[in-house]
Amino acid sequence: MRQVVDKLVTSIGRVLIGKDEQIRLAITCLFAGGHLLIEDMPGMGKTTLAQGLAAVLGLSYNRVQFTSDLLPADILGISVYDRNRGQFEFHPGPVFSQLLLADEINRTTPKTQSALLEAMAEGQVTVEGETRPLPHPFFVIATQNPLTQSGTYPLPESQLDRFLMRIELGYPDPRSERELLSGVNPRSRLAEIKTLLPAKQLLQIQQHVADVKVAENLVDYLQRLVQFTRDDPVFYYGLSPRGALAALQCARAWALIHGRQYVIPEDIQAVFPTVAGHRLRGAGECANQDGDVLASLVLNSVDIL
Amino acid sequence: MTSPVWKIHRNGLFWLLVAFAAVIILHADHLPNWILLAAFVAIIWRIQLYRSAWRPPSRLIKTGLLGLCLAGLVAEYGSPIGLEPMVALLVSAYLLKLLEMHHRRDAYLVIFLAFFITALDALFDQSIGNTLYIIGCLLLVLAALLGLHGSDGNEGQLRPLGKAMTIMAQALPLMLLLFIFMPRLGALWSVPMQQQSAKTGVTDTMSPGDFSRLGRSGELAFRVSFEDAIPSQKSLYWRGLVLAEFDGRTWSRSSLSRFQDSNLVQWYGDPPKSWDQVVDRKGEPLTFSVVIEPTQQRWLYALDTPKPDSEGVGLTRDYRLISAHPLRSKKQYRANSWPEYRLEPQGLSSQHRAVYLQLPEEFNPRTRELASRWRKSVSGDPELVSRVMALYNSEFVYTLQPPLLGKHSVDEFLFDSQRGFCEHFAGSFVFFMRAAGIPARVVAGYQGGERHPDDYLVVRQYDAHAWAEIWLEDRGWVRVDPTAAVAPQRIEQDLQSVLGDETDFLADSPASLVRFRHIGWLNQLRLQIESLNYNWALWVLGYDQIQTAFLRNLLGDNSPWRIALAMIGVGGGLLLLLGLWMLLPRRSERSRDQLDREFLRLCQKLEKAGFPRQVGEGPRDYTQRVAGSRPELARQLVEVTRMYETMRYAGETPDARTLARTIHSLRINRSG
């Protein structure tokens, strides 16, 4: 298992230099069967990461560039009258794929954003009164710019909650950046990436994740973490049970990709910021704090024992 | 006008306003009514501001309101010196600030002001009921402070109050500690109270009407506990003031300097003065202790003839007790009294005689004439006295509603109206005696008191009384109470038994429970409350009297460093207990699990070597961190961690003993 993941990481690492940790987290998210939100400034490699993941996993893949004039029908599909046959024919939109890359999701209007909602939550879409199932597996990898950027519509909390993880890429370290600047543009290597993990195997791994053992006292630990976010006045609101479930699922996947059949506290700690970060909002003095800061505050306040 | 940036949230405002109202109500009895009205308006305005229905006051309006308040205060009080105008000023500032709450810091200011104003109320009233109300106010203000920090989102409406109660409960041990050990400091400053006259009780002058005014008040004057049984009612003459100077209408104190003896006050602990020799005390003294309400004056009350038994109390030349300082708060003092005494039997010096025979020339010719006529027709002074008493006994009426008297007040009283209260009788009697050439003086104080079932005496304002003392050859000063001749029940029982039906009795204390003492259960309740308040005054307010002795018993000696040490010791002990209490549950939870206990042992071991585990640091991260700085331990640490993790998290059968052995074998030397 470890080798498989390592291979995936090196492969994507060739196009996204120096971000192995984030790549690993992204893979964890997909193994845990959740949707991924990548947030960072423009030009940090969000799209590259998404494309790399799609390529490595060999999934049928569609990309939608979200713009402010994008309409729900542009994603879900539309029925068009076929004159020859004299009836309406449904033209499926880009959402009918195994991996949907929703690029710059917060550039579009809430109306279009919410069109994705049902798809992400239910694995199906309802167009013109007819419910159509989506392929399996179905992932959404969305990228977004930080909200401080102009021309963005913040995702509502309900939609943020649909994403299992949110990761930030951050600037590369100087060595990676040098490598990036001195070599060829790594993006051109995207085409060279081969499929390493076929969809069937991915589904198997997803089942394995559920089998990873979580000891009683780790559940206690997680409960204490969650309870802290609900009790402490630093938080405007606490983590939902869905958030707690997400953290557990991701910790399992994280343990699995590190070749363990059981979860240790460090697994929870490793995934907690990405799982909880976008689900927490600070209050009082911490009102404007980043989610990651809040998450590490939780981790530094609650002991594992 | 810039719009406010910060907006208080709903729950925060709710508690702030509740606290505000409570603080205003706390001071309501000594604030002018228009401030109460203004406070009400301020609350409404604040609520409307929150609902964005009204606009915040503009600068012009604010200046106007400030001006109005200042003008109102000047109109109400005149001089700004004094406690009440200052409190009123602070309260008006407080309610104006409520309208000006644009930032969080303004809200803080409002809350801190509320704390201060709440505490100020203790200067006015320290009774048990009021103290409880002050504590309630503090609780609400604390809740407001907590409410300010919360948010509407995840808290219930009542949560700040619950939290405030917890905080108050936590502060309780500290409060007790400070109460017991903290030395009481005297006031560094004193501010005159505005309402003194109403609360003073007996004043240092006596004009017709003064004592009947007191007869309308059921307010407490003082309480007395006797070491032995309480003496009979008719011997309870509480001597307070001696009035020797008469100007035709008003009796007033003759200044002590006219005695021309040096050292007119003999303080407790001083060696006896020369004039102490002229009193002849016989028999066993009565020992009693008095808790007196604040009067803003210096004189104290005691039975004849007293000697002080407390620090800061002195005996004056005219044989009454005074305090070294005006009574700004309740005071407790002890004294001894010798009911059998002879005062200056050897004779009066000519100066004294002149003082006690002084009479204004141009008043009361009829009395003077009668006095000199009777003087000639009797054989001796005692006979003259009994003749005057017989006169009072024949026609006179004792009443709270005497008719008004004109210029020759004694004449009109003796010959025309013949209706009066104790001051009329005492005043006219002394006048008559002086006119007949017998040295005499008016003594003012209280007579009697109500026996509480708990064996102490409650003396109220309506017990105020005035009587006479005359000087007789070979006998010295003798107490003569002309009131006793007119209304013996007044002396043997109390005022109510004489005047209970008169409408003026207790007219100034309409809610006083004394009024209802004929209703059994209500009277019982009144006595209970009374007893509670007395014990409160004795043990809590009067604690500084007991403190010295108490600390001496407790600590062996009460030097400051010992007290400080005891405070630090007890406080430290409490904190330690608190710390243990906070740690213990978690410890015991941990000890339930052997594996965790072993892991904690490892943590302790590593901590000793200089690597404490951080909060939230997992075993693997921790041992890796240590191994990073101490590579020689890396192999063992990895092994221990692997063992712990597999047993703990992977569901392998726990084998605490092996783990313990491995951890035990781990040798770490400090220097590394």
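Here are the numbers:
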quantity	calculated
Filter result (surrounded by fewer than 15 Cβ atoms within 10 Å (Cβ to Cβ) and over 17 Å from B:Trp251 (Cα atoms)) within segment B:405-420	B:Phe415, B:Asp416
Test: residue in segment B:289-299 that is out of contact with any strand residue (DSSP E or B) (no Cβ under 9 Å at 6 or more places or on another chain) and at pLDDT below 85	yes
Residue match in segment B:150-166 (condition: within 27 Å of B:Ile529 (Cα to Cα) and more than 14 Å from chain A (Cβ to nearest Cβ))	yes
Answer residue from segment A:263-288, given it is over 21 Å from the mean Cα position of the chain (by Cα) and more than 23 Å from B:Thr623 (Cβ to Cβ) and is surrounded by the fewest Cβ atoms within 10 Å (Cβ to Cβ) among those	A:Asn288
B:Arg642 being touching a Ser or Thr at 6+ places or on another chain (Cβ under 7 Å), assigned to a helix (DSSP H, G or I), within 12 Å of chain A (Cβ to nearest Cβ) and open to solvent by 50 Å² or more (accessible area, probe 1.4 Å)	no
Candidate set: segment B:6-46, residues that are β-branched (Val, Ile, Thr) and part of a helix (DSSP H, G or I); chosen: the one farthest from the chain's Cα centre (by Cα)	B:Ile44
Among residues of segment B:612-633, those that are open to solvent by less than 30 Å² (accessible area, probe 1.4 Å) and more than 9 Å from chain A (Cβ to nearest Cβ), counted	6
B:Glu607 being without any contact (Cβ under 8 Å) to a residue 12 or more places away in the chain, surrounded by fewer than 15 Cβ atoms within 10 Å (Cβ to Cβ) and in a helix (DSSP H, G or I)	yes
Scope segment A:249-293; condition more than 10 Å from every other protein chain (Cβ to nearest Cβ), assigned to a helix (DSSP H, G or I) and without any contact (Cβ under 8 Å) to a residue 12 or more places away in the chain; matching residues	A:Val293
Every pair of residues 6+ apart whose Cβ atoms lie under 7 Å, when the first sits in segment B:41-59 and is closer than 13 Å to B:Ile8 by Cβ while the second is assigned to a loop (DSSP other than H, G, I, E, B) and open to solvent by 30 Å² or more (accessible area, probe 1.4 Å)	B:Leu49/B:Pro56; B:Pro56/B:Pro4
Segment B:648-659: number of residues that are closer than 20 Å to A:Ala255 by Cα and open to solvent by 20 Å² or more (accessible area, probe 1.4 Å)	4
Residue within segment B:96-113 that is under 19 Å from the mean Cα position of the chain (by Cα), open to solvent by less than 20 Å² (accessible area, probe 1.4 Å) and either at pLDDT below 90 or at positive phi (or both) present	no
Criterion (more than 10 Å from chain B (Cβ to nearest Cβ) and either open to solvent by less than 10 Å² (accessible area, probe 1.4 Å) or out of contact with any Leu (no Cβ under 8 Å at 6 or more places or on another chain) (or both)) met by exactly one of A:Ser301, A:Ser240, A:Ser296	A:Ser240
Filtered residue count, segment B:255-288, keeping only those that are among the β-branched types (Val, Ile, Thr) and at pLDDT below 75	0
Qualifying residue in segment B:265-277 (condition: touching a residue at least 60 places away in the same chain (Cβ under 8 Å), out of contact with any His (no Cβ under 8 Å at 6 or more places or on another chain), more than 14 Å from B:Asp204 (Cβ to Cβ) and outside any strand (DSSP E or B))	no
Check on A:Glu216, open to solvent by 70 Å² or more (accessible area, probe 1.4 Å), out of contact with any helix residue (DSSP H, G or I) (no Cβ under 8 Å at 6 or more places or on another chain) and more than 10 Å from chain B (Cβ to nearest Cβ)	no
Condition met for A:Leu222 (out of contact with any strand residue (DSSP E or B) (no Cβ under 7 Å at 6 or more places or on another chain) and more than 12 Å from chain B (Cβ to nearest Cβ))	yes
Qualifying residues in segment A:139-155 (those that are within 16 Å of the chain's Cα centre (by Cα) and assigned to a loop (DSSP other than H, G, I, E, B)) - the one surrounded by the fewest Cβ atoms within 10 Å (Cβ to Cβ)	A:Pro146
Residue match in segment A:192-211 (condition: open to solvent by 10 Å² or more (accessible area, probe 1.4 Å), within 13 Å of chain B (Cβ to nearest Cβ) and either of a type outside the set (D, E, K, R) or at negative phi (or both))	yes
Search result, residues across segment A:108-138 that are surrounded by fewer than 20 Cβ atoms within 10 Å (Cβ to Cβ), polar (S, T, N, Q) and either under 18 Å from the mean Cα position of the chain (by Cα) or in a loop (DSSP other than H, G, I, E, B) (or both)	A:Thr109, A:Ser114
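Residues checked against (1) buried (at least 21 other Cβ atoms within 10 Å of the Cβ); (2) among the basic types (Lys, Arg):
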residue	(1), (2)
B:Pro272	no, no
B:Trp275	no, no
B:Arg281	no, yes
B:Thr287	no, no
B:Gln296	no, no
B:Trp299	yes, no
B:Pro306	yes, no
B:Arg317	no, yes
B:Arg320	yes, yes
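Here's the yes/no breakdown for (1) touching a residue at least 24 places away in the same chain (Cβ under 8 Å); (2) open to solvent by less than 40 Å² (accessible area, probe 1.4 Å); (3) closer than 23 Å to A:Gln207 by Cβ:
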{"position": "A:Leu16", "(1), (2), (3)": "yes, yes, no"}
{"position": "A:Thr28", "(1), (2), (3)": "yes, yes, yes"}
{"position": "A:Met41", "(1), (2), (3)": "yes, no, no"}
{"position": "A:Leu53", "(1), (2), (3)": "yes, yes, yes"}
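The values are calculated or read from the model by the stated rules, or taken from the named source; none is laboratory data. All values derive from a computational prediction rather than experimental measurement. Glycine also receives a Cβ, built like all others from the backbone with ideal geometry; neighbour counts cover every protein chain displayed. Just the protein is used for accessible areas: all its heavy atoms, side chains included, with ligands, DNA and RNA removed. Shrake-Rupley method; radii C 1.70, N 1.55, O 1.52, S 1.80 Å.
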